[in-house]
1. Of LYS279/LYS305; LYS180/LYS287; LYS30/LYS154; LYS27/LYS154; LYS377/LYS402; LYS30/LYS180, which ones are farther than 19 Å apart at the Cα?
2. At 1.4 Å probe size, with every protein chain present, just tell me what the per residue accessible area of region 270-318 comes to in Å².
3. Over all distinct Cα pairs, what is the inverse of the mean 1/r for region 270-318, reported as the Kirkwood hydrodynamic radius in Å?
4. For a Förster distance of 35 Å, can you work out the FRET efficiency between the beta-carbons of GLN312 and GLN340, rounded to the nearest 0.05?
5. What shape does region 172-241 take by its C-alpha gyration tensor, where a ≥ b ≥ c are the square roots of the eigenvalues and a/c under 1.5 counts as rounded, a/b above b/c as prolate, and the rest as oblate?
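The values are calculated or read from the model by the stated rules, or taken from the named source; none is laboratory data. As the structure is a computational prediction, the values presented were derived from the model and not from experiment. Please note: Cβ atoms are built from the backbone with ideal geometry, for glycine as well, and neighbour counts cover all protein chains shown. Side chains included, ligands, DNA and RNA excluded: accessible areas come from the protein's heavy atoms. Shrake-Rupley method; radii C 1.70, N 1.55, O 1.52, S 1.80 Å.
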Amino acid sequence: TILESGDGETGLIGTTVVVGGWVKSSKEVKKEPLPPPQSPPPAAADAFPAASHGTKDVNCMEILQSRIPFFRTIIRVLGGSASSPAVRQKLESLIPKPPPPSVFFLDINDGSCVSSLRVVIDSAIVPVSAGQILPTGTCILAQGVLGNPSEVGKQTIELTVEKILHVGTVEQDKYPLSRKRLPLDSLRDYPHIRPRTTTVASVARIRNTLDFASHTFFQNRGFLHVQVPIMTTTDPEGFSEKFQVTTLLGETSKKESPIGVSDADGVNLETVKAAIQEKSSLVEQLKRSDSNREALAAAVQDLKKTNELAQQIETREKSKPVTAVKPDLVSFNADFFGRQIYLTVSGRLHLESYACALGHVYSFGPRFRADKTVSAKHVAEMWTVEAEMAFAQLEVSLCIIKVQASYVISWSCQINISILLSFSSSSSP
């Protein structure tokens with residue numbers, strides 16, 4: 001609503017809003033400390049008695065800061081000329097000094113668009129610490145006033161915070177995202193955070209547009225959307241490998257010895273691996289503390305023995321003969337479906353029967369192929385648009401394909417041009 005408003009965002013300047021989001025990037029700018037306020041002379045105070053009644057309430061820190069000259073005078077009187085400078089310096093260090101105020105610049109995002117909103121927080125107005133608000137991934141809910149940007153940059157509007165309503169902190173050492181780009185392979189270990197990256201979020205938005213454009217194209221041309229089975233007995237293509245769905249393997253594994261269990265000592269491999277992780281964490285803690293060398297040596301020796309045990313179990317498991325389940329030798333009467341079932345390669349045969357009854361139909365859903373290949377163009381799971389038309393010639397089908405491809409591409413270019421530009425120019429994760 002703020003960053004993609006129709007009036008170029010300027011119409012919202014001066015509006016008080018409440019925004020929420022998580023921090024994508026941040027920085028801190030130290031402010032110059034203000035000189036301590038000087039108390040007015042008594043005569044001036046007596047001359048304007050009415051002004052003293054209208055003064056604002058001051059906090060303890062401001063009162064203490066105004067009394068610093070008084071404390072220094074007491075130190076000089078008590079210390080005298082005989083006291084050493086070291087004593088006076090030690091006494092002056094006991095006087096608490098307020099931390100210098102800072103201005104925090106946060107770029108927050110709530111997922112509603114690619115762009116991030118610049119949020120400015122003055123610690124002198126809103127008491128908040130840098131360690132609490134600056135880490136990437138911190139979730140904030142803030143109230144403030146929209147205004148012109150205080151710095152020259154990509155931002156055309158920013159929010160000056162007047163009140164922090166909520167702060168959801170993160171453990172900065174354990175949070176995987178940072179200002180640097182992360183390889184996509186490493187993001188697979190964090191599925192709950194992957195959509196926060198610019199790459200995955202942009203792909204999701206573009207894919208949403210492609211899906212919607214495909215449905216719109218067929219719906220506007222009188223096609224009926226039907227759902228075909230994902231698990232089926234049919235093989236529409238006849239040349240692609242299929243994924244088989246069965247419950248017999250689970251029953252077979254229950255009768256045999258569990259995977260990862262040693263027949264000799266009954267030790268589970270997964271349990272040993274979990275113990276290795278715990279012992280490794282203990283060794284790292286002892287190394288960082290550097291307090292008990294004997295305990296560290298014992299922990300390292302224990303970890304070494306556990307690793308040797310895991311290697312022995314893995315070697316024993318690899319040496320066991322692997323028996324492949326041949327469909328010709330297996331009776332599927334005891335299976336869940338009572339016959340061989342596969343993940344669908346194509347819904348073409350089902351669509352043909354629907355087309356003969358309903359006319360123009362299409363389906364949009366997942367298709368699976370178990371072809372072993374190293375090419376990036378072949379995947380095990382894909383989402384495919386399939387259409388069937390009754391009483392149509394080949395030329396009509398080719399025309400529909402051409403028009404549909406052109407329609408989807410033009411639709412995506414019009415809607416996702418901002419997404420593509422933000423994705424290509426963004427340096428954030």
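1. On the way: LYS279/LYS305 11 Å; LYS180/LYS287 29 Å; LYS30/LYS154 22 Å; LYS27/LYS154 15 Å; LYS377/LYS402 21 Å; LYS30/LYS180 24 Å.
Beyond 19 Å between Cα atoms: LYS180/LYS287; LYS30/LYS154; LYS377/LYS402; LYS30/LYS180.
2. Result: 76 Å² of accessible area for each residue.
3. 11.4 Å
4. On the way: r = 39 Å, r/R0 = 1.12.
E between GLN312 and GLN340, to the nearest 0.05, is 0.35.
5. Oblate shape, in that a/c is at least 1.5 and b/c is the bigger or equal ratio.
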